[in-house]
Each structure stands twice: as structure tokens, then as C-alpha cells.
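K.L.:
This is the structure I want to talk about, given as C-alpha cells.
The values are calculated or read from the model by the stated rules, or taken from the named source; none is laboratory data. Just so it is clear, the structure is predicted and the values come from calculations on it, not from any experiment. Positions of Cβ are backbone-derived with ideal geometry, glycine not excepted, and every protein chain shown enters the neighbour counts.
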Amino acid sequence: MFENLKNLNGYMDMPRRSFRRFGRIILLSCHGAGDALMMLGSSVLYIRTAFRPRARHEVAVQLFITGIKSLGVITVVAFFTGMILALQTGLELRRFGQEVNIGTAVTIVMIREMGPFMTGLIIAASVGSAIAAQLGTMTVSEEIAALEVMSINPNRFLVMPRLVALAVMMPILTIYTNLLGIVGGGIVGATQLGVAMQAYIDNATRYAENKDLYVGLFKAVVFGIIIATVACHQGLTTREGAVGVGRATRRTVIISFLMILVVGYMITRMFYI
Amino acid sequence: MISFEQITKTLGGKTVLDDVSFEVPRGETVVIVGLSGAGKSVTLKHMVQLFSPDCGTVRIGEDVISAAKGAELERMRQRFGVLFQGAALLQWLTVFENVALPLREKTDLSEEEIEKTVLDKLRLLNMEDAVDKFPADLSGGMQKRVGLARAIVMNPEIILYDEPTSGLDPVTARLIDQLIENLRSELGITSVVVTHDLHSALAIGTRIMMIDGGKIVENATPHDFIHSENETVQRFLESQYITRRGSWEKGMQTHG
Ligand SMILES: Nc1ncnc2c1ncn2[C@@H]1O[C@H](COP(=O)(O)OP(=O)(O)OP(=O)(O)O)[C@@H](O)[C@H]1O
Ligand SMILES: [Mg+2]
């Protein structure tokens, strides 16, 4: 890891000309992405150590933190996402007397897209940023260096448990988001659009396929891996003290958001066209 | 034991080490002094490849650590114990868990043996009352001592200390000096100590080395160091009220 930092030092002085500067930034980004993928690969290989007693404990702690930290926000967001979806589609569908179909609309949109997407954004902002801040602080206070000197691999000791926790927790939280969203839609249907709960549920379960659920959950796993990778990489490459920690946190949120959007689109394309 | 061969290192556009060569003989305590930002910590980090030199080689015995990778590097690093300038304790582990970490991660010792070893080391540093505290609840000096306990818990043959006594009261500072001296005289451990405290440097060092402007301006025994003709060294000595026939020699005579 320090090897990589050293290489980066060569690129440190930014050229003044904007064109070259742009090139340099692209180069640095590619370098960072390559680095992050190496870190991911090495951490994935360490998953085989996840069942040793001490690692198991650490994974459990991370699962708990990931699951609990964002549950409150996720509950509110999921509920309102479902309600908004129901209201928007319901108002349009009512013009054709089709408002009962909000069940299908809400369910499909939630499980295919909005569930994993919303969960991903919230986890990136809450858990991802916290990971980046924690690992960033560890980096600038030389705790990572201390681990390296003790030959305790940070990828095994720190990255792997967070990666596993996010990859496992994301689909679980997504299912929770989906359920709450669908319930929220049902409530709006019953109170605002005059769709009986039973009709809503029948309609919701009739058209949604298992494939929709699987693709949604696949997305969730991928988003979890993305968030863990970006957050850990940003944290472990933090430089320049407290300012650097702030920057690592901000970058983690921004990069995760962008990647969730782009990768989410690509996965949808892959499975539905 | 440790040898630097023409090490040059540039960091952030500044040449921190400029063609530096020196040797740390086995079983000796070499003290590195120098002004803030002179490159003392950077020098120390080169010894365990936390930095790699731009040019030159760092050897540990016969091994070239500056070019080592993977398992080989791991093996070389296991010969070291390192106390970092900021102690570098893991914040979410207690004092006990911090010191036990290398034992738990790197050895097959039973929990009882680990507990015994850890408490022994903590007792050595007068820190046995703090076993269940978290680093955030300790003062800087106490964190330093826990960091030191962690550095020596694996019984390394080489120990690197980055400012072991800064932030400590004079009494505890002398305790640490004594510990470093005992490790050398009783166990033959090789040490490199970075410090600003010349009194402790003169007390524990078998050699003292001053870094200034990326170069080693003096590398001598304590006696020769205080008699150095080098201006930078003289200014450094005067700043700590040590003159050639001054307080230190008198102090040592009453001690010995
Ligand atoms: N990771 C780094 N990136 C860029 N520059 C660095 C880095 N680490 C150290 N430096 C620079 O190297 C120089 C020497 O730093 P070093 O930490 O070795 O000083 P020091 O002699 O230990 O000082 P102090 O007594 O204050 O600890 C400083 O100018 C510092 O700015
Ligand atoms: Mg220093």
C-alpha cells in the first residue's frame, strides 16, 4: 500500500496547463481505481479467513454496525419512496380508471430499482462515510503503518470484515426497504386513491416476477461491494491529517453515488434488454 | 545490524534524506537527534520499509529490506518492534487488547499465556492499572507507554523508538530510559531512538547521530558528541544548556 503511495508521489506536482492537468487527473483516477481493485481482490481472497474465531467476531461487529446504523433513515426513506411512487403513478393511472395497478407499479419499481438504489445511497452516506473516516483517521495517525509493521495485513484485518458485512447486509436491508416501500404504497392507495388493501396486494403480487427480485438483490450485493471498496480505499490512501480525512469522506460519498447510478443502469440494461 | 547505503528520499518536492549512509551496530543503542522536520521519523520508517528510498539500499544484517516484498518483508519486519511518534494504538481496542494484538494475530499462544505476557510488559511500564481502559481515555504519555509495551511484546531483536519520552514527566522518562538501557545491556537488543531530549540521549546512547538538512552532520559516541566541533551540533547542545564540561558530565559522575 505504501508502495502505491510512493508511486503517487511521482505525480504530485500538478501541471499548470489545463489540458495536461486534465490528463494527469485522468491518470491519477485510473491509478486509484486500479489500486482499489487490487485491494478488493486481495480482500476477497482473505474471505476464507472470515470463519476463524477472531475474524468471525469482527465480521459480526461490522454486520451489526452496518445493519443498525442506518435502519432509522432507511425506514423513513423506504416508506416515503413507496408513498411517492404510489401517489405519482396513482394520479396518472386514475385518469384511465386504472388506479388499482399502482400495486404492480410500486412493487416492480421498488424491487427492480428503487429498493437497491435508495438503500445503496443511504448506506454509502452513512456507513461508507463512517468507514472512510475511521480508516482515514487510522491512516493519518499511523495506526495502519503500525499494523503493517506487525505484519497484520490491513486488507485482511480491516477491509475484509467491512466488505463481507456490506455485501451481506445490503441485500437484507434492500428486502426491508422493498417491503416498507410496498406497504407505504399500499397505505397511500387505501387512504388517498381508494384502492382497497386486498386489491393492492393481489395486484402487487400478480405481475412481479422472481427475476425482478433476484436482479434487485444482485444489484444490492454489487452496491455493497462498491461502497466497501470505495470507502476502504479512500480511507487507506488518506493523506495530510484531518483535512485529508474530510476529503476521503466526501470523496467516498460522491464516488459511491456516481458508481451506484452508473452500475445500477448497466445491470438493468444487462438483464432487461 | 542496520545499514543505510547512500539513501536519498524526496517527499513532497523536498529532499528529506540526501545521500545518507550510516550503520547501527548489533547490540548498540543509536540515538538520532535533529530539529523538527529534519527527517528523523522518515529515517526510522525506512528501516521497516514504511518508506522506500528513491536511491540506495537499507540492509538488516544480510537482508535488503528496502527491496523486500510479501512474505520475505514480513519475515524481516518480524525482527522489529516499533514505537510510533503518536503511539498509534487502535482506538477501538482496550490497552490489554492493543498489547495482545500481535500475540493473538501472529502466535499460537493460549489465552492464559497471552494474558501473562501482556501483564508482564505492562507492569514493566507501570501501566498495569490501565488494562481495561481505551486509548482515548489515556494521556499522551500513557499511550506512549502502551505503545512501547506493544513494541516489545513479541521480544524483537531490534527496537525502533520514535520519541519515547516526549510528553512524559521526568520521572517516568527516566524509567523509560532505564528500560531501554536494560534491554540493551541484559538482552543485547539493538535500538534506534529518536529523541529531542539530549539528557536522555547522552544517558542511553552508545552513539549519537545528528541529522540536519538531509545530511548526517555528526555520528559519534556521547563523549565525542558533546565535544563536537560541528557548529550545528554545538548550537543544538547549547540550546539544551549542555556545555563541554557542563552539567551532563557532572551528572554522570554522581550517577556512576
Ligand atoms: N508522508 C509524507 N509526505 C510528504 N512529506 C512528508 C511525509 N512524511 C514526512 N514528510 C516531510 O519530511 C520531512 C521530515 O519529516 P519527519 O517526520 O521525518 O520529521 P522529524 O525529524 O521526525 O520531525 P519531528 O521531530 O517534528 O517529529 C518534513 O519536512 C515532512 O514535511
Ligand atoms: Mg518525527
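K.L.:
Note down all Cβ pairs under 6 Å where the first residue falls in segment A:218-242 and is farther than 15 Å from A:Ser43 by Cβ, the second is in a helix (DSSP H, G or I) and hydroxyl-bearing (Ser, Thr, Tyr), and they're at least six residues apart or on different chains.
P.N.:
Pairs that qualify, where the first residue is farther than 15 Å from A:Ser43 by Cβ and the partner is in a helix (DSSP H, G or I) and hydroxyl-bearing (Ser, Thr, Tyr), are A:Ala220/A:Thr174; A:Thr238/A:Thr139.
K.L.:
If you take the residues of segment B:51-81 that are of a type in the set (S, T, N, Q) and more than 10 Å from every other protein chain (Cβ to nearest Cβ), which of them is surrounded by the fewest Cβ atoms within 10 Å (Cβ to Cβ)?
P.N.:
Across segment B:51-81, the extreme among qualifying residues is B:Thr57.
Yes/no matrix, rows are residues, columns are (1) of a type in the set (S, T, N, Q); (2) over 16 Å from A:Val183 (Cα atoms); (3) in a helix (DSSP H, G or I); (4) under 16 Å from the mean Cα position of the chain (by Cα):
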site	(1), (2), (3), (4)
A:Ile74	no, no, yes, yes
A:Ile84	no, no, yes, no
A:Thr89	yes, no, yes, no
A:Val100	no, no, yes, no
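K.L.:
Report yes if some residue within segment B:5-15 is over 25 Å from B:Ile180 (Cβ atoms), within 11 Å of another protein chain (Cβ to nearest Cβ) and within 19 Å of the chain's Cα centre (by Cα); otherwise report no.
P.N.:
no
K.L.:
If you go through segment B:168-175 one residue at a time, do you hit one that is crowded, with 20+ Cβ neighbours inside 10 Å and either within 19 Å of B:Phe80 (Cα to Cα) or within 15 Å of ligand 1 (Cβ to nearest atom) (or both)?
P.N.:
No.
K.L.:
Within segment B:176-199, how many residues turn out to be buried (at least 23 other Cβ atoms within 10 Å of the Cβ) and either within 16 Å of ligand 2 (Cβ to nearest atom) or on the phi > 0 side of the Ramachandran plot (or both)?
P.N.:
Summing the residues that are buried (at least 23 other Cβ atoms within 10 Å of the Cβ) and either within 16 Å of ligand 2 (Cβ to nearest atom) or on the phi > 0 side of the Ramachandran plot (or both) in segment B:176-199 gives 4.
K.L.:
What are the residues in segment B:180-199 that are within 15 Å of B:Val31 (Cβ to Cβ) and among the hydrophobic types (A, V, I, L, M, F, W, C), if any?
P.N.:
B:Ile180, B:Leu183, B:Ile189, B:Val192, B:Val193, B:Val194, B:Leu198 - these are the residues of segment B:180-199 that are within 15 Å of B:Val31 (Cβ to Cβ) and among the hydrophobic types (A, V, I, L, M, F, W, C).
K.L.:
Now, a different point. Would you confirm whether any residue within segment A:182-200 is over 27 Å from A:Met38 (Cβ atoms), away from ligand 2 (no atom under 16 Å from the Cβ) and touching an Asp or Glu at 6+ places or on another chain (Cβ under 6 Å)?
P.N.:
yes
K.L.:
Continuing with this model, one more query. If you take the residues in segment B:39-65 that are part of a strand (DSSP E or B) and touching a helix residue (DSSP H, G or I) at 6+ places or on another chain (Cβ under 6 Å), which one is farthest from ligand 1 (Cβ to nearest atom)?
P.N.:
That would be B:Asp63.
Quick grid of which residues meet (1) at pLDDT 90 or above; (2) closer than 19 Å to A:Asn153 by Cβ:
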{"residue": "B:Arg79", "(1), (2)": "yes, yes"}
{"residue": "B:Ala88", "(1), (2)": "yes, yes"}
{"residue": "B:Phe96", "(1), (2)": "yes, no"}
{"residue": "B:Leu103", "(1), (2)": "yes, yes"}
{"residue": "B:Leu122", "(1), (2)": "yes, no"}
{"residue": "B:Leu125", "(1), (2)": "no, no"}
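K.L.:
So, in segment A:186-216, exactly how many residues are among the aromatic types (Phe, Trp, Tyr) and either exposed (fewer than 14 other Cβ atoms within 10 Å of the Cβ) or not in a helix (DSSP H, G or I) (or both)?
P.N.:
Within segment A:186-216, residues that are among the aromatic types (Phe, Trp, Tyr) and either exposed (fewer than 14 other Cβ atoms within 10 Å of the Cβ) or not in a helix (DSSP H, G or I) (or both) number 2.
K.L.:
Let me ask something additional. Anything in segment A:102-138 that is more than 23 Å from the chain's Cα centre (by Cα) and surrounded by fewer than 24 Cβ atoms within 10 Å (Cβ to Cβ)? List them, or say none. Full working, then the answer.
P.N.:
Taking segment A:102-138 as the starting set, the residues that turn out to be more than 23 Å from the chain's Cα centre (by Cα) are A:102-105.
Result: A:Thr104, A:Ala105.
K.L.:
Now, a different point. Condition (residue is within 30 Å of B:Gln240 (Cα to Cα) and away from ligand 1 (no atom under 16 Å from the Cβ)) applied to segment B:28-38: is it met by at least one residue?
P.N.:
So in segment B:28-38, the residues within 30 Å of B:Gln240 (Cα to Cα) come out as B:28-38.
Restricting the remaining residues to those that are away from ligand 1 (no atom under 16 Å from the Cβ) gives B:28-29.
Checking segment B:28-38: at least one residue is within 30 Å of B:Gln240 (Cα to Cα) and away from ligand 1 (no atom under 16 Å from the Cβ).
K.L.:
If you check B:Glu128, B:Glu157, B:Glu163, which single one turns out to be surrounded by fewer than 23 Cβ atoms within 10 Å (Cβ to Cβ), touching a strand residue (DSSP E or B) at 6+ places or on another chain (Cβ under 6 Å) and more than 12 Å from every other protein chain (Cβ to nearest Cβ)?
P.N.:
B:Glu163
K.L.:
If you check B:Ala88 against the conditions, is it under 14 Å from A:Met150 (Cβ atoms) and more than 16 Å from ligand 1 (Cβ to nearest atom)?
P.N.:
no
K.L.:
Can B:Ser36 be described as at pLDDT below 90, more than 15 Å from ligand 2 (Cβ to nearest atom) and not β-branched (Val, Ile, Thr)? Steps first, answer last, please.
P.N.:
Details: at pLDDT below 90: yes; more than 15 Å from ligand 2 (Cβ to nearest atom): no; not β-branched (Val, Ile, Thr): yes.
Taking the combined requirement at face value, the residue does not satisfy it.
K.L.:
Please count how many residues of segment B:8-27 are away from ligand 1 (no atom under 13 Å from the Cβ) and either buried (at least 16 other Cβ atoms within 10 Å of the Cβ) or over 26 Å from B:Glu62 (Cα atoms) (or both).
P.N.:
Number satisfying all stated conditions: 2.
K.L.:
I'd like to know if segment B:117-125 contains one or more residues that are assigned to a loop (DSSP other than H, G, I, E, B), farther than 16 Å from B:Ile152 by Cα and more than 16 Å from ligand 1 (Cβ to nearest atom).
P.N.:
No: segment B:117-125 contains no residue that is assigned to a loop (DSSP other than H, G, I, E, B), farther than 16 Å from B:Ile152 by Cα and more than 16 Å from ligand 1 (Cβ to nearest atom).
K.L.:
Restrict the check to segment B:82-104 and report whether at least one residue is buried (at least 20 other Cβ atoms within 10 Å of the Cβ), away from chain A (no Cβ under 12 Å), over 19 Å from B:Val146 (Cα atoms) and of a type in the set (Val, Ile, Thr).
P.N.:
There is no residue in segment B:82-104 that is buried (at least 20 other Cβ atoms within 10 Å of the Cβ), away from chain A (no Cβ under 12 Å), over 19 Å from B:Val146 (Cα atoms) and of a type in the set (Val, Ile, Thr).
K.L.:
Which of the residues spanning segment B:209-229 are within 14 Å of B:Leu35 (Cβ to Cβ) and either under 17 Å from the mean Cα position of the chain (by Cα) or not basic (Lys, Arg) (or both)?
P.N.:
Here is the first cut: in segment B:209-229, the residues within 14 Å of B:Leu35 (Cβ to Cβ) are B:209-218.
Selection gives B:Met209, B:Met210, B:Ile211, B:Asp212, B:Gly213, B:Gly214, B:Ile216, B:Val217, B:Glu218.
K.L.:
Testing B:Glu23 on (1) within 16 Å of ligand 2 (Cβ to nearest atom); (2) under 19 Å from B:Gly214 (Cβ atoms); (3) of a type outside the set (Phe, Trp, Tyr); (4) in a strand (DSSP E or B), one condition comes back false. Which one is that?
P.N.:
(1)
K.L.:
Is at least one residue of segment A:134-151 touching a helix residue (DSSP H, G or I) at 6+ places or on another chain (Cβ under 7 Å), modelled with pLDDT under 95, closer than 22 Å to A:Val253 by Cα and more than 14 Å from every other protein chain (Cβ to nearest Cβ)?
P.N.:
Checking segment A:134-151: not a single residue is touching a helix residue (DSSP H, G or I) at 6+ places or on another chain (Cβ under 7 Å), modelled with pLDDT under 95, closer than 22 Å to A:Val253 by Cα and more than 14 Å from every other protein chain (Cβ to nearest Cβ).
K.L.:
Another question about this same structure. Only one of B:Val24, B:Val48, B:Val20 is facing chain A (nearest Cβ under 10 Å) and either in contact (Cβ under 8 Å) with a residue 60 or more places away in the chain or more than 20 Å from A:Met150 (Cβ to Cβ) (or both). Can you tell me which?
P.N.:
B:Val48
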